[in-house]
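Only one structure is covered here, and it is reproduced in the block below.
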Amino acid sequence: MEPTDPSAGLSLAEEEARHRSALARVGALLYGKGLIVGADGNLSVRMSDGTILLTPTGAMKGFLEPHHMAHVDADGVPLDDGPRASSELGIHLVAYRERPEMNAVVHAHPPHAVALSIAEIDQTLPVIPEIVVTIGGVPTTPYATPGTEELGESIREIVRCSDTLIMKNHGAVTLGTNLMDAFKKLDMIEHTARILWLAHTVRGGIDPLPAEAVEKLLATRRNLGIQTTNTLENRCGLGPPPASSG
Ligand code: 13P
């Protein structure tokens with residue numbers, strides 16, 4: 001089952017061992033899929049005791065081993081003399097504080113999604129049904145300096161209402177109930193960004209799905225009983241709804 005649900009019925013030590021392995025494995029997956037290069041990115045898991053395991057700063061996250069992970073408390077204070085935590089610990093702490101139901105955070109540099117943010121192409125628009133039904137869309141947060149407290153603060157508002165976001169000119173952050181869930185969302189947003197990129201390239205622009213089609217998809221979501229956070233339903237990162245014509 002791991003890394004889908006690494007904590008079920010395990011002792012804390014067993015849980016920690018599974019999470020450490022899962023962090024190494026998902027780091028390798030991110031690297032293999034071209035979602036990070038060099039020392040890019042950081043990943044974390046919140047354990048059932050509230051402490052956080054996360055990748056060390058400056059390392060190549062595609063080549064980590066379980067013992068390389070840092071371990072901090074809910075305020076980011078190191079719990080041992082092990083490796084130093086990611087310089088972007090702040091975004092992980094903000095995400096966990098704002099979203100108590102989430103237990104994993106992935107930050108990576110997916111090239112198409114970041115490129116679209118640089119080009120100021122809106123990734124919240126409803127275009128792909130699979131995205132409309134699940135996360136809704138991907139808000140972009142304003143540029144902030146990596147490795148500073150400012151970066152964590154720059155995502156606070158959006159992370160409250162979206163499981164995915166792009167930090168402009170920098171990278172993506174995704175939240176999951178577990179590590180595989182956070183990885184899945186990252187994979188989905190980069191795949192979608194690639195489709196948008198191709199569509200923009202061949203035609204120089206795209207049309208979002210019409211409001212009626214979006215409403216049908218959201219009705220399907222309700223019928224399927226999907227209750228995860230959806231930015232089209234909660235209007236996260238969007239302006240007020242358009243005034244009704246009737
Ligand atoms: P860390 O190695 O400190 O986690 O930083 C990587 C990164 O992606 C910076 O944006």
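Taking the listed residues Val138, Val132, the one that is modelled with pLDDT of 95 or more, more than 16 Å from the chain's Cα centre (by Cα), within 22 Å of Val214 (Cβ to Cβ) and buried (at least 19 other Cβ atoms within 10 Å of the Cβ) is Val132, with no other qualifying. Just one residue in the set Leu175, Leu116 is assigned to a helix (DSSP H, G or I) and touching a helix residue (DSSP H, G or I) at 6+ places or on another chain (Cβ under 9 Å); that residue is Leu116.
Considering segment 143-158, the residues that are over 16 Å from Gly76 (Cβ atoms) and in contact with an Asp or Glu (Cβ under 7 Å, 6 or more places away or on another chain) include one that is least open to solvent (accessible area, probe 1.4 Å), namely Ala144. Looking only at residues in segment 110-164 that are free of Cβ contacts under 8 Å to residues at least 40 places away in the same chain and in contact with a Ser or Thr (Cβ under 7 Å, 6 or more places away or on another chain), the one that is farthest from Thr201 (Cα to Cα) is Ser154.
Counting only residues that are surrounded by 16 or more Cβ atoms within 10 Å (Cβ to Cβ) and among the small types (Gly, Ala, Ser), segment 182-210 holds 2 of them. Note on segment 211-237: residues that are in a loop (DSSP other than H, G, I, E, B) and either surrounded by 19 or more Cβ atoms within 10 Å (Cβ to Cβ) or not small (Gly, Ala, Ser) (or both) total 12. Residue count for segment 65-98 satisfying the condition of being open to solvent by less than 30 Å² (accessible area, probe 1.4 Å), within 16 Å of Glu16 (Cα to Cα), in a loop (DSSP other than H, G, I, E, B) and within 11 Å of the ligand (Cβ to nearest atom): 0. Those residues that are more than 12 Å from the ligand (Cβ to nearest atom) and either surrounded by 19 or more Cβ atoms within 10 Å (Cβ to Cβ) or charged (D, E, K, R) (or both), I need them from segment 30-51; list them, please. Listed by number, the residues that qualify are Tyr31, Lys33, Val45, Arg46, Asp49. Of all the criteria given as (1) within 16 Å of the ligand (Cβ to nearest atom); (2) modelled with pLDDT of 95 or more; (3) part of a loop (DSSP other than H, G, I, E, B), the one not satisfied by Val127 is (1). Residues that are within 16 Å of the ligand (Cβ to nearest atom) and in a strand (DSSP E or B) were ranked within segment 159-172; the one that is surrounded by the most Cβ atoms within 10 Å (Cβ to Cβ) is Leu165.
The values are calculated or read from the model by the stated rules, or taken from the named source; none is laboratory data. Note that the structure is predicted; figures quoted are calculated from it, not measured. Ideal geometry is used to build each Cβ from the backbone, glycine not excepted, and the neighbour counts take in all protein chains shown. Remember, those area values only see protein heavy atoms, side chains included, never the ligands or the DNA or RNA. Shrake-Rupley method; radii C 1.70, N 1.55, O 1.52, S 1.80 Å.
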